[in-house]
Amino acid sequence: MPIPPPNLDDRSFQDIVDETKRLIPRFTPEWTNHNVSDPGVALIELFAWMSEMVLFRVNQVPERLYVHFLNLAGIEPFPPSVAHTDVTFWLSAPPERPVVIPLGTEVTTSTSATDAVVFSTVREAVAATPRLTAAHSSRARDEQTVDGREDLAYPGSAFTCFGSTPVQPGDAAYLGFDGSLAGMALQLSVEATAQGIGVDPLNPPLAWEVWTGEAWTAVRVQSDTTGGLNRNGEIVLLVPDSHASLMLAGTVAYWLRVRLLRPAPGQPTYQASPRLESIRPAVVGLTVPAEHARRLGAENLGRSTGVPAQEFKVGSVPVAARRDGEVVRTVTPTGSTEWTEVEDFSASGPGDHHVVWESATGVVRFGPRVRYPDGTVRQHGAIPPDGAVVQVSGYRSGGGAAGNVGARTLTALRSTLPFVASVVNELPASGGVDAETVAEAKVRGPLSLRTGERAVTPGDFERLTREASVEVARARCLPGTETSNGAVRVLVVPHVRTGPEAHTIDDYALSAPLMRTIRDVLEERRCVGVGVEVGTPFYQGVSAAVLVRALPGRPAALVRQRVMSEVDRYVNPLTGGPAGTGWPFDTDLTAAELAQLIEAVEGVERVEEVQLFAYDLRNRRRLGSGQDFLHPEPHTLFLSAEHRVVVR
């Protein structure tokens, strides 16, 4: 356990008052009235109160020295993290010429200048009308078989989507374009004949996908008025931010496909393949990545005095992590010099143009001159010439938890854009975290110093994984075994921003950027010869059947909703378990503990029966019969599925 810091003076207010009163007979024996109403006693209490405040500050000296030690060891609070989301710019009409969304376009939650949350785009985007060049169809598990027409003329001729009858799940129609559709809101104007009968027009078993270079990735359907490709109408698709070319049936193009799915139980499917008379593509919007930060231009910080360890400060803080082109430079009459940003000056020589730029404070520091024990003096990092103008080429300022705004809240443009009618974020922003507090840094400091930022023990791997990204909620390290060829396995549970009742197994998949971030961090800090594998735990579905009796006068629907919400929260990798910090690994779930949890729900008189079922999260069905407890497989977490709650 840590050594508790001593109190340099442990006297309290009452101790000081009592000690002063005991000294009265010694120094002023004529003062005999020591009652609280006496003015002299009031003065004693006033000075005792002031003395207590001084002692409180004196007792902070050990804490102050502790913080100074962490500063000497290089432990600094982390700056805030920037939230990210995708913003869709909807056009007023399909453009006849390319429409440009400039880099740094600002969108906000409100037009008010006081409480607005501002996001800016991270890259330039161009909306240009795509050209449809080919159309193919394929049978299930045979994507190279061409059953449709090649070189479909624009606007095209009749085209049978899924080839010959009968259709079966896995049949697909492929539309090839001459350019990438990445980030586009693509409108397909369809002229069709009602031949694909038998399908629910409001919920057709179709999946739209694009090829991203490694796999077919789902495309979000914004709207569909074709009734499942059975009548004239428009389909609006939000294409992901990645789209690659592919050779399919001898044709190289950027492919968009619609695939026939296996219908859900009770849902009808096509009796015949839909037939399209023509397809006209058009761009009606652009989806661009945005971040919770404002882009600021070049800024002069001051002039150099030609001495070591100079410091300058930018005008807006905190400063987001620098990107290419965001640098510190010095300008002299003979030209300008760019300085390389480093974490510290420990490896900098006197001729190295190195600079430290602190994100939290915005301070730009140049290299110091250090005297060593042998008497030598060394300059760490070059010194800007006397009179040189110190400036930054540009930077971004923002970050914090305030950027985690909900879906469809970024709806206002800070400046008008030609041909742009509206803007909206279809998904909530995530990744914003406030700056680390001093108290949090004091806890992290000893943990970082203990291992020297090396991954040695399982606890080191778990700590470094959690610190790698704000998107990591939990991590568990499994030491290497013979079956894993000695490689260390790190199981990661990501943050999911929605409520526990809406969580699905796909929400816990690790994105490619998050996987790369974690792997890079662990690869840099692992011991030589130790392999590292990053993955996710196995999630076992749980479906509960609950029979409860409600208190008189309580609405059954309300009681049912409260019970289901409590069960969803408790059986969850992030919010579940007795501590509310996520369901523990390798821990059984019993009907008794679930019944005890439900009994505390407002409106429940008593719990009459609880049965637990294992649940297949992929096929969405219960497995086996009801049980009184569920035992998870090793390294498995429980996840709520479809519960059945009956309220009497």
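Under unit Cβ charges (Lys, Arg +1; Asp, Glu -1), what dipole magnitude, rounded to 20 debye, does the chain have relative to its Cα centre?
Working: 59 positive and 75 negative charges, 138 e Å.
So the dipole magnitude of the chain works out to roughly 660 debye.
Remark on L574: its backbone amide H falls under 5 Å from those of W583, a criterion applied only to residues 5 or more positions apart or on other chains, H modelled at 1.01 Å from N.
Based on the Cα coordinates of region 235-305, what is the per residue volume of their convex hull in Å³?
Details: hull volume 18.8 nm³, N = 71.
Taking the convex hull of the Cα positions in region 235-305, it is 264 Å³ per residue.
Assigning unit charges at the beta carbon (Lys, Arg +1; Asp, Glu -1) and nothing else, what dipole magnitude in debye, to the nearest 20, does region 577-648 show about its Cα centre?
Working: 7 positive and 12 negative charges, 84 e Å.
Dipole about the Cα centre, nearest 20: 400 debye.
Sequence-distant contacts, meaning Cα pairs under 8 Å at least 6 residues apart, place the relative contact order of region 538-647 at 47 percent.
Each residue, E76 and A421, gets one label point 7 Å from its Cα in the Cβ direction; the gap between the two is 4.9 nm. Secondary structure note: in region 453-535, about 55% of the DSSP beta bridges are antiparallel.
Where the alpha-carbon atoms of the chain are placed on the principal axes, they occupy 114, 84, 59 Å, in descending order. Centroid-to-centroid, using Cα positions, region 530-545 and region 251-292 are 32 Å apart. Note on region 453-535: percent of Cα-Cα distances in each 5 Å bin, starting at 0 and stopping at the bin with the largest distance, equals 3, 15, 27, 23, 16, 9, 5, 2, 0. Modelled this way, with points 7 Å down the Cα-to-C-beta line, the labels at R622 and A158 are 5.0 nm from one another. Taking amide H positions as modeled 1.01 Å from N, with prolines and chain starts lacking one, the residues under 5 Å from S278 and 5 or more places away or on another chain are E191.
Among L558, L246, a tally of other beta-carbon atoms within 10 Å of each Cβ gives an order, fewest to most, of L558, L246. Dividing the convex hull volume of the alpha-carbon atoms in region 538-647 by its residue count gives 89 Å³ per residue.
Near the amide H of Q222, within less than 5 Å, lie the amide hydrogens of V236, L237, L238, all on another chain or at least 5 residues away, with H placed in the peptide plane. Descending by average beta-carbon neighbour count within 10 Å, the peptides 635-643, 611-619, 25-33 line up as 635-643, 611-619, 25-33, the highest first. Relative contact order of the chain: 12 percent, from C-alpha pairs under 8 Å at least 6 residues apart in sequence.
Need one number: % antiparallel among DSSP beta bridges in region 538-647, to the nearest 5. Kindly include the intermediate steps, with their values, before the conclusion.
On the way: 16 of 25 bridges.
In region 538-647, DSSP labels about 65 percent of beta bridges as antiparallel.
For a footprinting-style exposure proxy, rank S469, S12 by other Cβ within 10 Å, fewest first.
Numbers: S469 19, S12 12.
So the ranking, lowest neighbour count to highest, is S12, S469.
Taken together, the values in this text are just the output of simple stated rules run on the coordinates, not laboratory data. Worth saying up front: this structure is predicted, and the values here are computed from it rather than measured. For neighbour counting, all protein chains shown are included, and Cβ atoms are generated from backbone atoms with ideal geometry for every residue, glycine included.
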